[in-house]
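Have a look at the structure below before the remarks.
We did not get these values from a lab; they are worked out from the coordinates using the rules stated. Small disclaimer: the values here were computed from a predicted structure and weren't measured. Don't worry about glycine lacking a Cβ; one is built from the backbone with ideal geometry, like all the others, and counts go over all protein chains shown.
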Amino acid sequence: MAIKDEIKKVRDNVYEIPGSYNKKMRASGRFYIDDESFDALEEGAVQQIVNVACLPGIQRYSIGLPDIHFGYGFPIGGVAAFSLRNGIVSPGGVGFDINCGVRLIKSNLTLEDVEDNLDELTEKLFKNIPSGVGSKGRIRLDENEINDVLDYGAEWAVNNGYGWPEDLEVLEENGRMEDADSSIVSDKAKKRGIPQLGSLGSGNHFLEIQIVDEIYNEEVADVFGLKKGMIVIMIHSGSRGCGHQVCSDYLRIMDKAYKKYKINLDDRQLACAPLDSKEAQNYIQAMAAAANYAWANRQMMTHWVRETFEDVLGKSAKDMEMDIVYDVAHNIVKMETHKVYNREEDLLVHRKGATRAFGPGREEIPEKYRAVGQPVLIPGTMGTASYVLHGTDIAMEETFGSTAHGAGRVLSRSKAKKDFSADEITEDMEKRGIRIKATSKNVIAEEAPGAYKDVDSVVRVSDSTGIAKLVAKVKPLAVTKG
Amino acid sequence: MKRFEYFDVTADIGFIAYGNTLNEAFENAGLAIFNIISDTSGIDSKIAKSFEITSEDEVSLLYDYLEELLFYHEIDFMLFSDFSVNISKTDKGYNLKATINGEAIDWDKHERKSEIKAITFHMMDVKKTEHYELRAIVDL
């Protein structure tokens with residue numbers, strides 16, 4: 001019998017695969033997905049949810065979020081939490097781009113204020129923020145400085161003149177994980193990280209000037225400082241070659257570790273180590289250091305965004321109230337307290353292609369947002385809308401405070417290039433009033449909106465199941481891509 | 001015999017590299033990698049880099065080798081188009097010595113294609129029939 005036939009509907013848009021499906025499962029699998037996506041869901045991704053449910057120390061559910069799709073080892077759009085007593089940590093549960101994430105910057109500008117300058121803003125943002133394959137950052141660190149970036153994250157950036165001290169208050173983890181230890185990070189990862197700090201990257205990463213198009217919840221939008229018609233800037237980027245190397249290093253280390261600790265795995269890419277092992281502790285510290293790199297990276301780009309707006313519009317960024325709304329990580333592993341069968345427990349939560357969506361009251365949330373739940377930023381694809389949601393009590397109850405992270409790819413790059421032409425996409429976007437600047441036509445065709453799942457349906461399912469509720473929709477006016 | 005060919009993976013890209021010997025298959029895998037990033041026919045052999053790695057088995061050797069290529073591409077800001085590989089068996093696994101030739105990236109001259117984030121272990125394989133076949137998927 002096909003694996004999908006074993007899945008039962010729990011309620012609207014929530015499905016479950018019972019832990020009794022196979023003897024090795026230590027938890028049930030859960031999917032937050034609409035009927036249409038469920039029908040299209042690959043068997044391979046379902047199998048991956050089951051494989052993760054077999055890992056030692058997993059708590060409650062192996063979870064697939066509305067954008068779940070097949071990944072390497074762990075699915076993308078997945079959450080898995082492990083007990084500190086008998087659980088594991090796995091680099092495959094985080095992914096290569098450690099702390100790939102999204103940041104939203106607001107302003108007091110309206111379309112009228114920027115309309116005549118949009119072309120110049122787009123050109124200059126593209127120029128001032130390096131992007132694309134084989135691109136170098138604007139600064140060159142020495143070896144001591146890279147260690148500071150890894151240990152202090154966004155704090156390092158602010159101390160070195162990139163942005164404002166108050167920026168740190170509205171970043172997940174305040175832009176710095178204290179577990180980070182640069183001495184654990186390999187020389188290779190540091191060498192890859194040095195030239196790339198302060199660069200956007202490539203593929204689905206982007207920097208957009210957007211406009212708040214629709215408000216779904218006035219009260220929460222007000223708390224987040226968002227208003228219809230406001231110009232905002234969104235940055236989607238990660239830890240560059242530094243994070244990729246940390247992941248690769250530890251995939252190799254864990255490949256040996258799981259055999260050494262006699263952990264039975266169905267897929268080598270689930271390679272992991274018991275939490276009390278040296279290998280696990282080292283990975284957690286190196287992962288945190290790579291996460292800090294990503295926060296420093298987004299912080300530097302924020303600074304250059306503000307400088308570019310100042311240069312083009314002739315006003316100071318403070319006068320334009322270019323404050324950060326929030327910054328989320330969607331590939332990360334963290335120690336968090338969650339309720340497991342009515343008991344508060346410290347768990348290690350893996351989020352791979354998943355956004356933290358903590359509900360009201362959690363102390364991890366900046367004080368000014370705490371009463372309504374954390375801001376959740378879900379980016380769309382080139383030319384499509386992105387969304388702001390807020391975290392909920394339901395997410396705390398059901399998904400370890402997590403929701404989706406975006407739109408997953410449905411067409412391969414070569415298929416996208418066959419089906420779409422860069423010129424047609426550019427023309428179509430221009431008709432809709434969206435400017436685009438990219439390093440090559442290849443990237444425009446490969447990143448065609450039609451090559452991705454519809455992000456609107458992803459956020460609809462999140463909202464309807466209650467694991468994060470809609471606050472606002474933002475639409476791009478200008479896109480820059482690597 | 002083809003030197004390499006690509007196959008489609010939804011989010012990424014995979015390749016199979018061929019060779020009459022294991023060395024030749026590894027050399028062709030290098031070409032497959034740099035044709036994802038750029039077009040190797042436009043990359044001149046001006047600067048040589050050499051490295052040596054040891055790995056416990058053939059699949060790990062392939063993984064480590066491809067990772068090494070990415071490393072030199074990123075830290076030296078170079079593209080490579082000419083690969084010379086010499087693999088030998090040791091008591092503990094395999095040893096690989098490579099000299100790779102290429103030049104500094106110049107995006108006015110070189111075609112700009114995709115950035116490779118990392119090499120994955122997914123479906124990675126080293127197969128020997130009448131010739132060698134290497135299979136890898138890279139994360140873009």
Next item on the list: Could you tally the net charge around A:GLU123, taking each other residue with its Cβ under 10 Å from the Cβ of A:GLU123, Lys/Arg +1 and Asp/Glu -1?
Entry: +2
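Averaged across B:122-129, how many Cβ atoms of other chains sit within 10 Å of each residue's Cβ atom? Please list the in-between numbers first.
Numbers: counts 7, 1, 2, 0, 0, 0, 0, 0.
What the average comes to for B:122-129 is 1.
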Next item on the list: Hand me the trypsin sites (Lys or Arg not before Pro) from segment B:1-94 located in a DSSP loop with no more than 12 other Cβ atoms within 10 Å, in residue order please.
Entry: B:LYS2, B:LYS46, B:LYS92
Next item on the list: Return the distance in nm (one decimal) between the two label points of a simple spin-label model at A:GLU43 and A:GLU427, each offset 7 Å from Cα along Cα→Cβ.
Entry: 4.2
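What are the semi-axes of the equivalent ellipsoid of segment B:11-82, taken as the square roots of 5 times the eigenvalues of the Cα gyration tensor, listed largest first and rounded to whole Å? Please report the intermediate quantities before stating the final value.
Numbers: eigenvalues 72, 45, 34 Å².
Calculated on Cα positions only, the semi-axes equal 19, 15, 13 Å.
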Note to self: Need the C-alpha centroid separation for segment A:180-209 versus segment A:326-375, integer Å.
What the structure shows: 25
Note to self: Starting from the 7 Å offset along Cα-to-Cβ, what nm value, one decimal, do you get for the label separation of A:GLU169 and A:ASP276?
What the structure shows: 4.2
Next item on the list: Would you mind computing, in nm to one decimal, how far apart the modelled labels at A:LYS368 and B:LYS46 are, each placed 7 Å from Cα along Cα→Cβ?
Entry: 5.1
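Going down the table (A:LYS124/A:LYS481; A:LYS136/A:LYS256; B:LYS89/B:LYS127; A:LYS4/B:LYS117), which pairs top 22 Å between alpha carbons? Present the calculation step by step, with values, prior to reporting the outcome.
Details: A:LYS124/A:LYS481 13 Å; A:LYS136/A:LYS256 34 Å; B:LYS89/B:LYS127 16 Å; A:LYS4/B:LYS117 32 Å.
A:LYS136/A:LYS256; A:LYS4/B:LYS117, as the Cα separations exceed 22 Å there.
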Next item on the list: Go through segment A:347-361 residue by residue and turn each phi into a ³J(HN,Hα) via Karplus (6.51, -1.76, 1.60, θ = phi - 60°); whole Hz please, and just put x for glycine and proline.
Entry: 10, 9, 9, 8, 10, 10, x, 9, 10, 4, 9, 5, x, x, x
Next item on the list: Would you kindly state how much longer the chain becomes between A:SER186 and A:GLU115 on full extension, computed as 0.36 nm times their sequence separation minus their alpha carbon distance, in nm to one decimal?
Entry: 20.9 nm
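Once R0 is set to 30 Å, what does the formula 1/(1 + (r/R0)^6) return for the Cβ-Cβ distance between A:GLU397 and A:TYR216, expressed as a FRET efficiency to the nearest 0.05?
On the way: r = 22 Å, r/R0 = 0.73.
Efficiency computed from Cβ-Cβ geometry: 0.85.
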Next item on the list: Please work out the FRET efficiency for the pair B:PHE77 and B:LYS97, using the Cβ-Cβ distance as r and a Förster radius of 30 Å; give the result to the nearest 0.05.
Entry: 0.80
Margin query: Could you give me D for segment A:305-387, from Stokes-Einstein at 10 °C and 1.306 mPa s, where the hydrodynamic radius is the Kirkwood radius over C-alpha pairs? Units µm² s⁻¹, please.
Written below: 101
Notebook entry, point to check: What does segment A:240-373 give for Rg and for Dmax, in Å, if only its C-alpha atoms count?
Noted result: 19.5, 63
Next item on the list: Take segment A:213-261, compute every pairwise Cα distance, and split them into 10 Å bins from 0; I just need the percent in each bin.
Entry: 20, 23, 14, 17, 20, 6
Notebook entry, point to check: Any number yet on Rg/Rh for segment A:338-475, C-alpha, Kirkwood?
Noted result: 1.09
Margin query: Taking the alpha-carbon distance from B:LYS109 and a cut-off under 16 Å, which lysines remain once sequence neighbours fewer than 8 residues away in the same chain are dropped?
Written below: A:LYS441, B:LYS46
Next item on the list: Would you calculate a helix-derived [θ] at 222 nm for chain A, using -39,500 (n - 2.57) for each DSSP H run of n ≥ 4 and dividing by the full residue count, to the nearest 500?
Entry: -10000 deg cm²/dmol
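Among A:452-458, A:401-407, how do they line up from the highest to the lowest mean number of other beta-carbon atoms within 10 Å?
The densest-packed peptide leads the list: A:401-407, A:452-458.
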Next item on the list: Working from Cα positions, state the angle (0 to 90°, nearest 10) between the long axis of helix B:22-37 and the longest principal axis of chain B.
Entry: 30
Next item on the list: Taking a cut-off of 16 Å between Cα atoms, list the aspartates and glutamates near A:LYS315, but don't count ones fewer than 8 places away on the same chain.
Entry: A:GLU112, A:ASP113, A:GLU115, A:ASP116, A:GLU120, A:GLU307, A:ASP323
Note to self: Can you show me the helix-derived [θ] at 222 nm for chain B, built from DSSP H runs with n ≥ 4 at -39,500 (n - 2.57) apiece and divided by the number of residues, rounded to the nearest 500.
What the structure shows: -8000 deg cm²/dmol
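How large is Rg over Rh for segment A:75-173, taking Rg from the Cα atoms and Rh as the Kirkwood inverse mean of 1/r across Cα pairs? Mind dumping the intermediate values first?
Numbers: Rg = 18.7 Å, Rh = 17.9 Å.
Rg/Rh: 1.05.
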Next item on the list: For chain A, just the Cα atoms, rotate onto the principal axes and tell me the three extents in Å, largest first.
Entry: 64, 50, 48
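Return the tail of the calculated pair distribution for segment A:229-304, meaning the percent of Cα-Cα pairs more than 14 Å apart. Intermediate values should be presented prior to the final figure.
Values: 1904 of 2850 pairs.
Result for the distance tail: 67 percent.
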Check: Helix B:58-75 sits at what angle to the longest principal axis of chain B, using alpha carbons and giving 0 to 90 degrees rounded to 10?
Finding: 20
Checklist line | Rounded FRET efficiency, nearest 0.05, which uses the C-beta distance separating B:GLU133 from A:SER20 and R0 of 30 Å | finding: 0.15
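Sort A:437-448, A:147-158 by the packing proxy (mean of other Cβ within 10 Å over each peptide's residues), most packed first.
Numbers: A:437-448: 22.3, A:147-158: 24.4.
Order by mean packing, descending: A:147-158, A:437-448.
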Next item on the list: Enumerate the residues in segment B:110-140 having an amide nitrogen under 20 Å from the point lying 7 Å beyond the Cα of B:THR21 toward its Cβ.
Entry: B:126-135
Check: Which distance in Å, rounded to a whole number, links the C-alpha centroids of segment B:117-135 and segment A:109-151?
Finding: 38
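In peptide B:71-78, how many Cβ atoms from other protein chains are near each Cβ within 10 Å, on average?
Working: counts 7, 0, 4, 15, 9, 2, 4, 1.
Rounded to a whole number, the mean comes out at 5.
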Notebook entry, point to check: For segment A:3-93, what is the convex hull volume of its Cα atoms per residue in Å³?
Noted result: 80
Next item on the list: Treating each Cα of segment B:4-139 as an identical point scatterer and ignoring solvent, apply the Debye formula and state log10 I(q)/I(0) at q = 0.17 Å⁻¹.
Entry: -0.87
